[in-house]
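I have placed the structure first, in the form of structure tokens, so that the comments after it can refer back to it.
The values are calculated or read from the model by the stated rules, or taken from the named source; none is laboratory data. For clarity, every value in this text was computed on a predicted model and none was experimentally measured. Note that each Cβ is placed from the backbone with ideal geometry, even for glycine, and that neighbours are counted across all protein chains shown. Side chains included, ligands, DNA and RNA excluded: accessible areas come from the protein's heavy atoms. Shrake-Rupley method; radii C 1.70, N 1.55, O 1.52, S 1.80 Å.
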Amino acid sequence: MSLQHHLSVMLGDWFAVEGMDASGFIVRPTAGAPVRILATEASLSEYAARNAADGLMALGDVGDDSSGVLAALALLSVHVMETIETQDGDAVTHLSVANGALSVQRTRSGVAE
């Protein structure tokens, strides 16, 4: 199973997930607009490599993976969920995984930041 698919399954615990392609997928919160997740296989691999130790420290082994890759993705899924669910009036429109980090694009009062 690809890292992108693993992340979409993890996010599926909180959101409807659809439209997966090579660049990412869309999640639909129960309240609010859909959010595009830009996460390629390469960017997720880099993210998991950089954050495996943090994932293991926070969550321990996930499934039968002791390398920390799935733990890093599980931690990323929690960050994505919290970012979308705690918007404080700003609509999250895109989340992207690049350079080992999660970036957020929001709109404030209908104007993109």
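The table that follows gives values for the structure above.
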quantity	calculated
Residue tally, condition open to solvent by less than 60 Å² (accessible area, probe 1.4 Å), outside any helix (DSSP H, G or I) and modelled with pLDDT of 90 or more, over the stretch 36-65	4
Residue selected from the stretch 66-85 under the condition of a type in the set (S, T, N, Q) and part of a helix (DSSP H, G or I), by the criterion least open to solvent (accessible area, probe 1.4 Å)	SER77
In the stretch 1-35, the residues that are in a strand (DSSP E or B), over 12 Å from the mean Cα position of the chain (by Cα) and over 22 Å from VAL69 (Cα atoms)	ALA16, GLU18, GLY19, ARG28
Where a residue in the stretch 6-31 is on the phi > 0 side of the Ramachandran plot and surrounded by fewer than 12 Cβ atoms within 10 Å (Cβ to Cβ) and its partner, wherever it lies, is among the acidic types (Asp, Glu) and outside any loop (DSSP other than H, G, I, E, B), with Cβ under 6 Å and at least six apart	none
